[in-house]
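Peer 1: Following this message is one structure expressed as structure tokens.
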Amino acid sequence: MSAPVNVLVIGAGPHTRLNHLPALAAAQDAGLAGTVTGVDLPHVAAAVEYGTPGRPRRMPVVPVEPFPLSRRTLPGAVRRALEDVVERERVGAVVVASEPSVHLPYALWAIGRGLPLLLDKPLTVHPGASTDPVAAQAIADDFETLLDAYRQALRRDERMVVSVLAQRRWHPAFRRVRELIAEVAEATGCPVTSVQSSHGDGQWRLPHELVDLTYHGFTSGYGKAAHSGYHHVDIVPWWLAAGERPGKEIDEIEVHAACTRPGDFLAQLTVADHARLLPGFAERNPYSEQDLLELTAGFGEVDVHLNVAYRSRGRVLALGSHTLAHTTFSQRAALDPVPGSLYKGNGRIGQESHIIQQGPFQAVHLRILQTLHGGGEGVDPRAAGGADHIELHVFRNDRLNFGWERHQMLGFADLVQGSGPGAVLPTQRSARNCAVTEFLSYLAGCLPRTELASDLADHRRPARLMAAAYLSLARRWAAGDRPTAPAVLDFHPVPASAEPAGRALAASGVA
């Protein structure tokens with residue numbers, strides 16, 4: 001095992017503090033990570049405390065000036081600031097966890113510098129993606145740009161790696177679903193034939209917050225699909241791929257998307273409704289309903305529904321219904337967002353479900369249903385409504401001669417992988433820790449490339465599904481929110497190549 005690697009984290013906001021720093025603290029304890037240095041805009045650039053009460057840590061944050069979101073390369077001053085940190089701190093790896101509209105220039109800088117990269121989701125997004133077809137198409141084009149840079153870096157150093165932190169790929173329940181799909185496909189030759197996937201996070205953003213709070217907001221012309229939506233546009237193709245067999249490979253998608261925007265939310269719950277429901281709201285809110293409609297025109301999507309046809313050689317192999325929503329059951333009842341944004345907390349509650357049908361052979365139901373974040377008196381955290389609720393139901397045609405059970409129900413304890421301190425729990429936090437640990441373990445020489453779960457080369461399909469969703473939304477916007485022709489994109493994975501970079505990519509399991 002090599003020496004711990006010093007890490008540069010680009011982006012030091014609430015997302016990083018909640019998700020990345022605890023995982024990096026654990027990696028430091030395990031001897032995989034050395035120093036951790038942050039980079040962010042001047043108003044954020046203050047040292048960040050992280051770690052455990054018994055072992056507090058401090059991440060210094062280097063300020064860099066903001067730059068136009070349309071840039072594909074870093075300004076010279078920003079690049080020089082990063083180079084200084086790399087040299088001074090002897091940085092050996094980069095985590096990009098910034099606002100996603102600047103992922104591309106930061107990622108291209110790290111890859112071009114030959115620095116192993118852990119790239120947060122979504123890969124990229126562009127301002128106005130839900131209203132401008134050019135910005136939507138750029139999401140698909142960006143993937144090819146990133147992949148080309150990655151291939152060039154691999155030619156210079158075959159140990160180079162770009163991993164994408166889409167944590168459901170490490171989550172034991174989501175992995176079990178993939179195994180179940182592959183098992184039935186191997187026995188029957190039947191792919192996944194339909195999938196219903198939904199996610200709601202219970203975000204109740206009050207009318208004035210639609211305008212005034214920008215963190216994970218809608219002001220840049222994109223929203224839910226680029227917030228947590230990437231997790232779903234990633235995991236569904238990952239599952240579908242497990243059911244593909246020769247002659248039954250998905251090669252095209254057709255996407256019809258519809259969404260609600262802030263103006264629609266204000267029709268669902270008006271300013272007057274909020275004033276009636278929340279004492280003190282009227283004094284807090286400086287905007288009339290007309291003000292809000294004018295200010296939020298062109299904002300991104302609050303909720304989005306996708307209807308997808310996954311085709312193979314002109315035939316529909318699978319149908320998908322993907323519901324991604326902020327406006328779902330919430331426990332918020334306070335006017336003040338804590339600690340100043342609505343990224344997490346403030347009553348946000350996760351509600352997630354997936355129903356996968358595999359022809360006449362198998363149905364898989366995965367449900368994660370919460371009513372609270374932490375503990376609650378008298379509430380079993382693993383029961384429906386508890387903070388750690390998860391259920392996986394597996395139905396199989398037991399009248400066939402495969403030795404299948406008609407029904408299995410797997411709960412939290414059944415889905416834990418391993419035992420002892422190294423056990424992987426069926427929780428998002430545990431899965432995120434796995435993503436960081438895997439990345440650093442590979443750099444330490446403890447893990448072969450073939451075991452990497454989320455190499456960049458395996459994200460062409462998620463990038464294209466996200467691009468197609470935004471293309472459909474942008475076309476509807478241009479048509480006055482009326483149905484238009486669907487977005488149709490090819491859906492081939494990245495092919496293996498005979499060149500050295502191709503061999504390295506193929507070794508990661510990409511075919």
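Peer 1: Going by the structure shown, is LEU293 farther than 30 Å from PRO493 by Cβ, modelled with pLDDT of 95 or more and among the aliphatic types (A, V, I, L, M)?
Peer 2: yes
Peer 1: To continue, here is another question. In the stretch 193-244, which residues are of a type in the set (Ser, Thr, Tyr) and assigned to a helix (DSSP H, G or I)?
Peer 2: TYR230
Peer 1: Quickly run through the stretch 1-59 and pick out the residues that are polar (S, T, N, Q) and surrounded by 16 or more Cβ atoms within 10 Å (Cβ to Cβ).
Peer 2: ASN6, THR16, ASN19, GLN28, THR35, THR37
Peer 1: I'm trying to understand the selection: among the residues of the stretch 410-429, which are of a type in the set (S, T, N, Q) and either touching a residue at least 60 places away in the same chain (Cβ under 8 Å) or closer than 15 Å to GLY350 by Cβ (or both)?
Peer 2: GLN417, THR427, GLN428
Peer 1: Keeping to the stretch 478-511, report how many residues are out of contact with any strand residue (DSSP E or B) (no Cβ under 7 Å at 6 or more places or on another chain) and at pLDDT 95 or above.
Peer 2: Qualifying residue count, the stretch 478-511: 2.
Peer 1: Tell me the residue from TYR442, TYR470 that is at pLDDT 95 or above and closer than 29 Å to PRO133 by Cβ, please.
Peer 2: TYR470
Peer 1: Same structure, new question: Condition first: buried (at least 17 other Cβ atoms within 10 Å of the Cβ), within 16 Å of the chain's Cα centre (by Cα) and over 25 Å from ASP132 (Cα atoms). Can you find one or more residues in the stretch 244-252 that meet it?
Peer 2: no
Peer 1: Using the structure shown, decide if ALA185 is assigned to a helix (DSSP H, G or I), out of contact with any helix residue (DSSP H, G or I) (no Cβ under 7 Å at 6 or more places or on another chain) and among the small types (Gly, Ala, Ser).
Peer 2: Taking the combined requirement at face value, the residue does not satisfy it.
Peer 1: While we're here: Got at least one residue in the stretch 114-128 being of a type in the set (D, E, K, R) and either farther than 20 Å from THR16 by Cα or surrounded by fewer than 20 Cβ atoms within 10 Å (Cβ to Cβ) (or both)?
Peer 2: Within the stretch 114-128, not a single residue is of a type in the set (D, E, K, R) and either farther than 20 Å from THR16 by Cα or surrounded by fewer than 20 Cβ atoms within 10 Å (Cβ to Cβ) (or both).
Peer 1: Pairs only if they're at least six apart or on different chains, beta carbon under 6 angstrom, first in the stretch 231-260 and assigned by TED's automatic domain parsing to the domain that holds GLU186, second in a strand (DSSP E or B) and of a type in the set (D, E, K, R); list them, first residue then second.
Peer 2: GLU252/ARG311; GLU252/ASP490; THR260/ASP303
Peer 1: In the set GLU83, GLU65, which member is over 22 Å from the mean Cα position of the chain (by Cα) and part of a helix (DSSP H, G or I)?
Peer 2: Criteria check complete, one pass: GLU83.
Peer 1: In the stretch 94-106, what count of residues is obtained for those that are more than 14 Å from HIS15 (Cβ to Cβ) and in contact with a helix residue (DSSP H, G or I) (Cβ under 6 Å, 6 or more places away or on another chain)?
Peer 2: So the count comes out to 2.
Peer 1: Out of ARG461, ARG449, which single residue is at negative phi, surrounded by fewer than 21 Cβ atoms within 10 Å (Cβ to Cβ) and touching a residue at least 24 places away in the same chain (Cβ under 8 Å)?
Peer 2: From the options ARG461, ARG449, the qualifying one is ARG449.
Peer 1: Given the criteria surrounded by 18 or more Cβ atoms within 10 Å (Cβ to Cβ), more than 14 Å from VAL164 (Cα to Cα) and either among the aromatic types (Phe, Trp, Tyr) or not assigned by TED's automatic domain parsing to the domain that holds GLY114 (or both), does ALA474 qualify?
Peer 2: Considered against the rule, which asks whether it is surrounded by 18 or more Cβ atoms within 10 Å (Cβ to Cβ), more than 14 Å from VAL164 (Cα to Cα) and either among the aromatic types (Phe, Trp, Tyr) or not assigned by TED's automatic domain parsing to the domain that holds GLY114 (or both), ALA474 comes out as yes.
Peer 1: Scan the stretch 362-381 and tell me whether some residue there is at pLDDT 90 or above, in contact with a Gly (Cβ under 7 Å, 6 or more places away or on another chain) and surrounded by 15 or more Cβ atoms within 10 Å (Cβ to Cβ).
Peer 2: Among the residues of the stretch 362-381, at least one is at pLDDT 90 or above, in contact with a Gly (Cβ under 7 Å, 6 or more places away or on another chain) and surrounded by 15 or more Cβ atoms within 10 Å (Cβ to Cβ), which makes the answer yes.
Peer 1: Let me ask another. For the subset of the stretch 86-121 comprising residues that are in contact with a Pro (Cβ under 9 Å, 6 or more places away or on another chain), assigned to a strand (DSSP E or B) and not small (Gly, Ala, Ser), which member is farthest from LEU24 (Cα to Cα)?
Peer 2: Ranking the candidates gives ASP120 first.
Table: residues versus (1) in contact with a helix residue (DSSP H, G or I) (Cβ under 8 Å, 6 or more places away or on another chain); (2) not in a loop (DSSP other than H, G, I, E, B).
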| position | (1), (2) |
| --- | --- |
| GLU283 | no, yes |
| PRO286 | yes, no |
| ASP291 | no, yes |
| ALA297 | yes, no |
| LEU306 | yes, yes |
| GLY320 | yes, yes |
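Peer 1: OK, next. Just to check your reading of the model, which residue among GLU49, GLU83 is on the phi < 0 side of the Ramachandran plot, charged (D, E, K, R) and modelled with pLDDT of 95 or more?
Peer 2: Within the list GLU49, GLU83, the selection yields GLU83.
Peer 1: I've got another one for you. Please go through the stretch 18-63 and give me each residue that is of a type in the set (Lys, Arg) and over 19 Å from VAL85 (Cβ atoms), ordered by number.
Peer 2: ARG55
Peer 1: I would also like to ask the following. May I ask you to list the residues in the stretch 22-62 that are part of a strand (DSSP E or B) and touching a Phe, Trp or Tyr at 6+ places or on another chain (Cβ under 7 Å)?
Peer 2: ARG57, MET59
The values are calculated or read from the model by the stated rules, or taken from the named source; none is laboratory data. The model shown is predicted, which means the values in this text are computed figures rather than measured ones. As a convention, Cβ positions derive from the backbone with ideal geometry for all residues, glycine included, and neighbour counts pool all protein chains shown.
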